[in-house]
Structure formats: structure tokens, C-alpha cells
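Structure first, commentary second.
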Amino acid sequence: MKNTPTFYLIIFLIVPLIHVNAQDSNAQTMTIEEYNPTSTLVVPGNEIISAKYPFIDVHSHLRKMATMDLDKTTREMDSLNLQVLVNLSGRSGEGLAAMSEAVENKAPNRFIIFANVDFNGIDEPDWTERTVAQLQKDYDNGARGLKIFKNLGLTVLDSGENRVRTDDPRIAPIWDKCGELGIPVLIHTGEPAVFWDPIDEKNERWLEMKQFPNRHRGDTTRFPSWEVVMQEQWNIFENHPNTIFINAHLGWMANDLDRLAKHLDTYPNVYTEISAVIAELGRQPRAAHEFFIKYQDRLLFGKDTYQPHEFHTYFRVLESDDEYFDYFRKRHAFWKMYGMNLPDEVLKKVYYKNALNIIPGIDKSLFPND
């Protein structure tokens, strides 16, 4: 039987059916995480691997800066046209001093370091005085800004397990000290508002919260509402007008540019930056273009995680008029990007001019004199 023509005919007919059935079965069991279709749309456009103008990344994290290969990092930065990177994870005390020394010895003028605040012991009577004094020491050791992480206002607790508000009066002298020193405060408060919404079929960040459930903030027994968290931040902007604040991630209002515009109009001492929200701008290129024209003096370039290849998407959204290209992280954005095609003068302000105006210690000779 095995050697008969009938046997081979049966094999010829059955094997393709098995293959088709296997493919069909795979299609029925494939998850949304696995689904990643290749677009058939043919449109002009090219990846941009180096910024049109030298730029300053005001939002990055190099936690091991004191021991990392800064020569390698600066070569990567050169390939991107990234002239100055602001390391927001400078810590404090000896750790910050070690970072400053490493930069001075290995890569002078290419990095700016921001200090951080330790909120442990905030109940202690001398906490405020000690923390302000430490900020002065960190400034003397090279810090040129202060970074506040999102734990303040969300998960920082005092000794009684009470949430510490961002506008807690014990912290107020720190904001004033930054104003006195002439250094900005880059503050990340809260999360995208949808992190408070139900994790259901209507939530745009469903995939992210499925993969990282601890990012959801909907538990009202643990977290205040988005509006409460953000209002505490806005209170410090209003109460400390002599301090420059950089509201991280477009203040989590990139999905509502009208509200962000009113925010900037209300607080003239506030700038903002685009780290981790380029996907919001890339899906509304015309509205974002007009917003950047109007608020060109208040916007800064930021990226957040230092991954060189991811900068390419930022350049393409800001500089090109390309259509329908990919974002680099599906769990943040399942939609496609479009270029904003910003004018050169706006690009220059976003890339470096605005940062030069508010962050001290940057070597201006690294940038065009225009």
C-alpha cells in the first residue's frame, strides 16, 4: 500500500489540509498581545536617526552613572545629535558627588545632574531643615536641578501610614530653596488619568495594565483620585511663583491640549516636557502642531528611559510630515504615528533653546549661537 500511487495521492491531499487547519487553529487561539499585523499601506517617509538640531534631553535616568562607560554613552549621544543629557536620578550626598566627579573626569559638559529628596523621616522635627541643608550641599557638589518622583502624592507615607500630599507644608521650604538657588524642579506627579479608570474594553491602556496590574490606581482605599493628586501639584505651582517648575510628561494632559493650554496660561512659572507622551502627540499632528506654535517658549524635549533607538520616533514625530508609522511600544499605543512637521525655530526652542534659559550649568558653546 505504501508504494502505491493511491497512498501518495492521499498524502498529497491531506497534508495541506492539516497545515491549513493548524493555521486556522492558531488564528483562533492567538491573543491580542500576539496580534501585530504588518500594514499594507504604502506611504512615503523615512526613519530619522539623528535630530535636525543639537538637543538637550531634560528627562533621563542613568542610575549607575558613577560607574558606567560614559565614553560609550557619549558616542551614542553623538550619533543622535544629543549634546546634553539631564540625569534626573542623581540621588543625594555621596552618590551625587560621585556622579559629578565621574562626569567631570570622563565626559565634561555632556551631562547635567538633578538631585533627589529622601522623604523618610518627614515627621521628624528637623526634617525640613536637614533636607534644605542637604539640597544646598548637593548644589555645591554639582546638582543643577531637583527631580521629584511620582511616589510623592501617591505612595509616600508618614510614620502614621498617612499619605504625604505633594503640597505638604513641610516640603514648601524646599521649593523656595530651589528658587533661591536658581535651579528648576522637574516634578512627575500622578499617572495618565486612564490608570484610574476601570480595566475594561474601553480603556486605551488596558494592555499595559493587564501586563503590569500594579500600575492601576483605581483602588480608592489606597489612592486619591487623579484630580486630587494633580491639584496638589498645581497648588505648589501657584504658591511658589519664584521657582521654575518643569511639569513632566506634559502634565499628563497631552490627550487634552486645550486643558494643558489653560494650565500653562494659569502658571507662568511652569514649563513642560514631552517624555513618554510622544504617542499622544503623534496621533493628533495638526492640533499638536498648533499647540507647539503657540506655546513654543514653554516646551522642552524629554525622552525618559535612555534607549537610543527609541529617539528616532521622537525625531520623526517632531520633524517630519510622514504618515502612519509605528510607535515603539505597543502597550502604550496601539495606534500609528503622524509627523507634526514643526518649523525650524520651534524645533530649536524645543530641542535646546528653552532648556538653556532655565537649566543652569549647560555649556552654551555646544549649541548654535542664533
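For Cα pairs less than 8 Å apart in space and 6+ apart in sequence, what is the mean separation divided by the residue count of the chain, i.e. the relative contact order in percent? Can you show the working numbers first?
Values: 592 pairs, mean separation 64.4, N = 370.
Here the relative contact order equals 17 percent.
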### Task
State the answer as a single residue: which of Ala133, Leu181, Trp196 lies farthest towards the positive end of the charge dipole of the chain, with beta carbon charges of +1 for Lys and Arg and -1 for Asp and Glu, about the Cα centre.
Trp196
## Note on the structure
So the angle from the long Cα axis of helix 5-29 to the longest Cα principal axis of the chain, reported in degrees to the nearest 10, equals 30 degrees
### Query
Taking θ as phi - 60°, what are the ³J(HN,Hα) couplings along the stretch 104-117 by the Karplus curve (6.51, -1.76, 1.60), each to the nearest whole Hz, with x for Gly and Pro?
4, 7, 10, 8, x, 6, 9, 9, 10, 10, 9, 7, 10, 10
### Task
Would you look at the GNM of the chain, springs on alpha carbons closer than 10 Å, and say which of Thr131, Thr266, Thr29 moves the most?
Thr29
### Task
Check the straight Cα-Cα distances from Lys137 and name the aspartates and glutamates below 13 Å, setting aside those fewer than 8 residues away within the same chain.
Glu94, Glu129
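Show me 85-97, 286-298, 173-185, 153-165 ranked by packing, highest mean number of other Cβ atoms within 10 Å first. Working shown, then result.
Details: 85-97: 21.6, 286-298: 16.9, 173-185: 19.5, 153-165: 14.7.
Sorting 85-97, 286-298, 173-185, 153-165 by mean packing, highest first, produces 85-97, 173-185, 286-298, 153-165.
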### Task
Quick one: angle between helix 257-266 and the longest Cα principal axis of the chain, in degrees between 0 and 90, rounded to 10, please.
0 degrees
### For the chain, share of DSSP beta bridges that run antiparallel, in % to the nearest 5
10 percent
### Local electrostatic count, Tyr271, Cβ distance below 10 Å [Lys/Arg +1, Asp/Glu -1]
-1
### Task
Per DSSP H run of at least 4 residues, take -39500 (n - 2.57); add these up for the chain, divide by its residues and hand me the 222 nm value, nearest 500 deg cm²/dmol.
-11000 deg cm²/dmol
#### Entry: Residues whose placed amide H lies under 5 Å from that of Tyr271, excluding near-sequence neighbours
Phe245, Ile246, Asn247
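Return an integer: the convex hull volume of the alpha-carbon atoms of the chain, in Å³ per residue.
Numbers: hull volume 73.1 nm³, N = 370.
Looking at the chain, the number lands at 198 Å³ per residue.
If the limit is 24 Å between Cα atoms, which of Lys64/Lys177; Lys303/Lys330; Lys303/Lys349; Lys303/Lys348 go over it?
Values: Lys64/Lys177 27 Å; Lys303/Lys330 17 Å; Lys303/Lys349 16 Å; Lys303/Lys348 16 Å.
From the list (Lys64/Lys177; Lys303/Lys330; Lys303/Lys349; Lys303/Lys348), the Cα-Cα distance tops 24 Å for Lys64/Lys177.
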### Query
Excluding Val156 itself, what net charge comes from residues whose Cβ is under 14 Å from its Cβ, given Lys and Arg +1 and Asp and Glu -1?
-2
### Query
Residue-wise, which Karplus ³J(HN,Hα) couplings in Hz belong to the stretch 37-48, taking 6.51 cos²θ - 1.76 cosθ + 1.60, θ = phi - 60°, and x for glycine or proline?
x, 8, 5, 8, 5, 10, 9, x, x, 9, 4, 10
### Query
Between the helical axis of 226-239 and the dominant principal axis of the chain, each derived from Cα atoms, what acute angle in degrees is found, rounded to the nearest 10?
30 degrees
### Query
Can you give the net charge of the other residues whose Cβ lies under 12 Å from the Cβ of Glu319, counting K and R as +1 and D and E as -1?
-1
### Task
Arrange Asp167, Asp123, Asp256 by Cβ neighbour counts within 10 Å, fewest through most, would you?
Asp123, Asp256, Asp167
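The numbers here are math on the coordinates, done by the rules we state, and not lab data. Note that the coordinates shown come from a computational prediction; the quantities given were computed from them, not determined experimentally. A quick note on method: Cβ atoms are made from the backbone with ideal geometry, for glycine too, and the neighbour counts reach across all protein chains shown.
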